Amino acid sequence: MSAECLRALGLWDEPRVLEPGKAGAGDPGVIVSENPATGRAIAAVRLDDAASYDACVAGAREAFLKWREVPAPVRGQVVRAIGDEVRRLKTPLGELVTLEVGKIRQEGLGEVQESIDIADFAVGLSRQLYGLTMPSERPCHRMFEQWLPLGPVGVISAFNFPNAVWAWNAMLAAVCGDTVVWKPSLLAPLTAIAGNRIADRVATQMGHPGVFRLVIGADDAVGERMVADRRLPLISATGSCRMGRRVGQVVAGRLGRCLLELGGNNAVIVDRSADLDLAARAILFAAVGTAGQRCTTTRRLIVHESVVEQLLPRLVGAYKQIRIGDPMDERNLVGPLINARAVDAFLAAVATAREQGGRVVIGGDRVRVPGLDGNFVEPTIVRAPPDRGLPIAHEETFAPILYVFTFKEVEQAVRMNNDVDQGLSSAIFTDSVRSAERFLAPAGSDCGIANVNIGTSGAEIGGAFGGEKDTGGGRESGSDSWKAYMRRQTCTVNYGAHLALAQGINFG
Ligand code: NAD
C-alpha cells in the first residue's frame, strides 16, 4: 500500500524524496518519515537549508508581483482546478495521511475532503471579496474600502492535519492574490510534498508558476528564519501554545501579522436534561477519534451529578468495543499516536493523574498490536477526585485521555469549562433552552467554538475556525476569515471642484 499511494502521487519523481535505504545514515540534511503504526521508514526527504529557503521566498515574492494582478475570479478558477485534481487523487492522498500520521483511513480521507471543501468555498469567495461603501460627510466625495493582496504568506502547520490546515490557508490565500510558502511539520513531510505538488502542478499548467511553495527544514534553520522574515507580511502558524508564544513574539517584534491556531483543552458539559445516547456517541468520537490527536479533541467531561452514573457506564461500554490497530484496516477505530515521545507523554499524564487523586476508569496503558511495532495506547477515562481539582487536566496531553468532573448548577459547569488557559472548542448537551442559552451568552463559554448537542470536534469549513486565550485568537477557514490574508485600503475620491476638509476644518 505504501508504495502504491506514493507512486500514484508521483512522490518518487520528486528529487528530494529518496528510498529510505538510499539516504546516507546520519546525514543531517535528510529526515526519514516513519509510519507510526509499524515504526518502519516510508521514505527519506532532503531538507532545505538557509540558501534554498531564501531562494524559495524570493521566488514567492516574484510570483506574487504577477499573481496579484490576475483577476480574483480567474485566481478562483485555478483553485477550482486544484480542488478537482485533489478530488481525483483523494484516495491516495488520504491513504498517505494515514500512512504518515496514523489516523484511520476514514479520517485520512475525511481530511482530504476538507481540503476539497475549502477549495470549493474559495472558488465562490473569489467573486465575493467585498469591501464596504460608506457615505462621506463631504459633498461630491465617495468613500469606500477595498481589499488588496497582501504578499507571500508563510504557513506553518502541525503534524496532525498535514493536508487540510495547509489547504485552509493556501486556498484562501490564493484567491486573495497571495502566494504561499509552506513549512510543514517534520513529522509529515511526504503528505506536504504530495499536497503542494498537486497545487503547484495545476497552477503551473494554467500559467501561474511559483504560487505554491514548500520549504521543509528544522525549526532553527528554517522555521525561525521564516518567522523573522520581513518579506512575509503574514505568518499563519498552527501548532502548540509553546510554538505560538515564540512565533507571536518574533512576528510582533518585526510588526508583522500573525494568525495563530494553537492548542485546545476542550470540554463537553452534559446537563441533567441531556439525551445521554446522543451525548455518549458524540463524546466517543470527540474524545477517541484521531487517537485524541485533534486540537478539538474532548479532553474534559463535565457531567451533572444526577446523570454521571448513567453516562459513565455507557461510555465505558463503548470504549470496550473500540478496536485499536492498523489504521488502514477499516474495522479499527483508533490508530497509533504519532511517535514514542507521544506515548511517553500519555503514560506520564496518566501517572500524574493517579498521583493527583484521579481514578482510571478504563484504559491507561500502551497497547501491543500483534505484528505491528507501533505507538498504540488505550483510550482512557480518568475520574477526577470529587472535591479536589485535577491539575493535569489543565494541560493539553495530545493523546486519548478524558478527565471526568461533576457539577451541580450549569453556571458552575460553565466556570469549569472556562477554567483553563486554552479557549478553542466547547459543547453542551442539554434539552433545556435555558441551559443552552446560558452556555452561549456573554457569561457563557469563552471559547472560539461553542456547540449545542454536538461534540467539540469535526468543524465544518463554512464557519470561522479558531480559539481565544492561549489558543491564539486566530480565525481560519470560512465566514470572513479571508480578511486576514488581504490588506484593507480606505479610499476617498473627490469628484467636485472644491477641497473640502473633514471635520469642517477651514484652513485659511
Ligand atoms: P508543534 O508546536 O510541535 O509544531 C507545529 C509546527 O510549528 C511545526 O511545523 C513545527 O516545525 C513548527 N515550529 C515549532 N517551533 C517553531 C519555531 N520556533 N519557529 C517556527 N516554526 C516552529 O505542534 P505539533 O505537535 O505538530 O501539533 C500539535 C499541536 O498543534 C497541538 O497543541 C494542537 O492542539 C495544535 N493544533 C492546533 C490546531 C488549531 O487549529 N488550533 C490545529 C491542529 C493542531
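In Å², and per residue, what accessible area does segment 266-461 have when probed at 1.4 Å with the other protein chains present?
On the way: 8450 Å² over 196 residues.
Accessible surface, normalised per residue, equals 43 Å².
Would you mind getting the accessible area per residue of segment 31-95, heavy atoms of the protein chains only, 1.4 Å probe, in Å²? Can you show the working numbers first?
On the way: 2840 Å² over 65 residues.
Value for segment 31-95: 44 Å² per residue.
Can you list residues whose amide H is under 5 Å from Cys258's amide H, if they're 5+ apart or on another chain and H is modeled 1.01 Å from N?
Ile235
Tell me the relative contact order for the chain as a rounded percent, counting alpha carbon contacts under 8 Å between residues six or more apart. Don't skip to the end; give the middle numbers.
Numbers: 1110 pairs, mean separation 88.4, N = 508.
So the answer I get is 17 percent.
Suppose the chain between Ile505 and Thr352 were pulled fully straight at 0.36 nm per residue; how much longer would it get relative to their current alpha carbon spacing?
Values: separation 153, 0.36 × 153 = 55.08 nm, distance 6.76 nm.
Gain in length upon complete extension: 48.3 nm.
Once you wrap a convex hull around the alpha carbon atoms of segment 41-85, what is its projected area averaged over all directions, in nm²? Don't jump to the answer; show the numbers that get you there.
Details: hull surface 20.3 nm².
Projected area, direction-averaged: 5.1 nm².
With the full set of protein chains in place, find how many percent of the accessible area of the chain is carbon and sulfur; take the probe as 1.4 Å.
Values: 10950 of 21500 Å².
Solvent-exposed carbon and sulfur of the chain make up 51 percent of the total.
Mind listing the phi-derived Karplus ³J(HN,Hα) values for segment 456-472, rounded to whole Hz, using 6.51, -1.76 and 1.60 with θ = phi - 60°, and x for any glycine or proline?
7, 10, x, 5, 7, 6, x, x, 6, 10, x, x, 9, 6, 5, 6, x
Name the residue from Met328, Ile338, Thr290 whose Cα lies farthest towards the positive end of the charge dipole of segment 284-341, charges +1 on Cβ of Lys and Arg and -1 on Cβ of Asp and Glu.
Ile338
Could you state the number of Å between the C-alpha centres of segment 259-319 and segment 68-136?
30
Considering the dipole of segment 453-494 built from charges on the beta carbon (Lys and Arg +1, Asp and Glu -1) around the Cα centre, which of Gly472, Thr456, Thr490 is farthest to its positive end?
Farthest towards the positive pole: Thr490.
Classify segment 177-257 from the C-alpha gyration tensor, please: rounded if a/c falls under 1.5, else prolate or oblate depending on whether a/b exceeds b/c. Walk me through the intermediate numbers first.
Numbers: a/c = 2.64, a/b = 1.54, b/c = 1.72.
Oblate, because a/c is 1.5 or more while a/b does not exceed b/c.
Around Val307, under 11 Å between beta carbons, what's the net of Lys plus Arg minus Asp minus Glu among the other residues? If you can, show how the numbers build up before the last one.
Working: positive: Arg272, Arg314; negative: Asp271, Asp275, Glu305, Glu309.
After counting each charged neighbour, the total is -2.
Kindly identify segment 1-136 as rounded, prolate or oblate by the Cα gyration tensor criterion: order the square roots of the eigenvalues as a ≥ b ≥ c, call it rounded if a/c is under 1.5, otherwise compare a/b with b/c, prolate if a/b is larger, else oblate.
Oblate.
Indicate the gyration tensor shape class of the chain (rounded, prolate or oblate), computed on the Cα atoms with a ≥ b ≥ c the square roots of the eigenvalues: a/c under 1.5 is rounded; otherwise a/b larger than b/c is prolate and the rest oblate. Write down the numbers at each step before the final one.
Details: a/c = 2.07, a/b = 1.23, b/c = 1.68.
Oblate is the answer for the chain, as a/c is 1.5 or above yet b/c matches or exceeds a/b.
To the nearest 20 debye, what charge dipole does the chain have about its Cα centre, counting +1 at the Cβ of each Lys and Arg and -1 at the Cβ of each Asp and Glu?
Values: 55 positive and 57 negative charges, 154 e Å.
Magnitude of the dipole: close to 740 debye.
Check which residues have an amide H placed less than 5 Å from Leu18's amide H, if you skip close sequence neighbours.
Ala44, Val45, Arg46
Enter the Cα centre distance for the pair segment 383-417 and segment 438-502, rounded to the nearest angstrom.
Centre-to-centre (Cα) distance: 29 Å.
How large is the helix-only mean residue ellipticity at 222 nm for the chain, computed as the sum of -39500 (n - 2.57) over DSSP H runs with n ≥ 4, divided by its residue count, in deg cm²/dmol to the nearest 500? Present the calculation step by step, with values, prior to reporting the outcome.
Values: 14 runs with 181 residues, N = 508.
Computed mean residue ellipticity for the chain: -11500 deg cm²/dmol.
Counting other C-beta atoms within 10 Å, and keeping those with at most 12, which DSSP coil GluC sites (Glu not before Pro) do you find in segment 101-192? All intermediate terms of the calculation are to be shown ahead of the outcome.
On the way: sites: Glu107, Glu111, Glu114, Glu137, Glu145; in loops: Glu137.
Sites meeting the loop and neighbour criteria: Glu137.
Compute the distribution of all C-alpha to C-alpha distances in segment 266-461, in bins of 5 Å from 0, and list the percent of pairs in each, rounded to whole numbers.
1, 8, 18, 21, 21, 16, 9, 4, 2, 0, 0
Answer with one residue from Val222, Asn266, Gly508: the one whose Cα lies farthest towards the positive end of the charge dipole of the chain, charges on Cβ with Lys, Arg +1 and Asp, Glu -1.
Gly508
Report, by chain and number, residues whose modeled amide H sits under 5 Å from the one on Val270, excluding near sequence neighbours (fewer than 5 apart, same chain).
Placed amide hydrogens put Ile302, Val303, His304, Phe429 under 5 Å from Val270.
List the pairs from Lys183/Lys483; Lys90/Lys320; Lys90/Lys469; Lys183/Lys469; Lys66/Lys183; Lys103/Lys469 whose alpha-carbon separation is above 30 Å, in the order I gave them.
Values: Lys183/Lys483 22 Å; Lys90/Lys320 32 Å; Lys90/Lys469 35 Å; Lys183/Lys469 25 Å; Lys66/Lys183 23 Å; Lys103/Lys469 28 Å.
Going by Cα-Cα distance, Lys90/Lys320; Lys90/Lys469 fall outside the 30 Å limit.
Taking the Cβ of Gly423 as the centre, find all other residues whose Cβ is under 10 Å away and add up their charges (Lys, Arg: +1; Asp, Glu: -1). Working shown, then result.
Values: positive: Lys469; negative: Asp421, Asp446, Glu468, Asp470.
Once positives and negatives cancel, what remains is -3.
Using a probe radius of 1.4 Å on heavy atoms only, what accessible surface per residue do you get for segment 106-198? Whole Å² is fine. Mind dumping the intermediate values first?
On the way: 2660 Å² over 93 residues.
With the other protein chains kept in place, segment 106-198 gives 29 Å² per residue.
Read phi for every residue in segment 287-302 and hand back ³J(HN,Hα) as whole Hz from Karplus 6.51 cos²θ - 1.76 cosθ + 1.60, θ = phi - 60°, with x for Gly and Pro.
8, 10, x, 6, 6, x, 10, 10, 4, 9, 3, 6, 10, 10, 10, 10
Can you tell me how much longer the chain between Asp49 and Val74 gets when fully stretched, taken as 0.36 nm per residue apart minus their C-alpha distance, in nm with one decimal? Mind dumping the intermediate values first?
On the way: separation 25, 0.36 × 25 = 9.00 nm, distance 3.42 nm.
Extra length from Asp49 to Val74 when fully extended: 5.6 nm.
The values are calculated or read from the model by the stated rules, or taken from the named source; none is laboratory data. The model shown is predicted, which means the values in this text are computed figures rather than measured ones. Here the Cβ is made from the backbone with ideal geometry for all residues, glycine too, and neighbour counts use every protein chain on show. Accessible surface areas use protein heavy atoms only, side chains included; no ligands, DNA or RNA. Shrake-Rupley method; radii C 1.70, N 1.55, O 1.52, S 1.80 Å.
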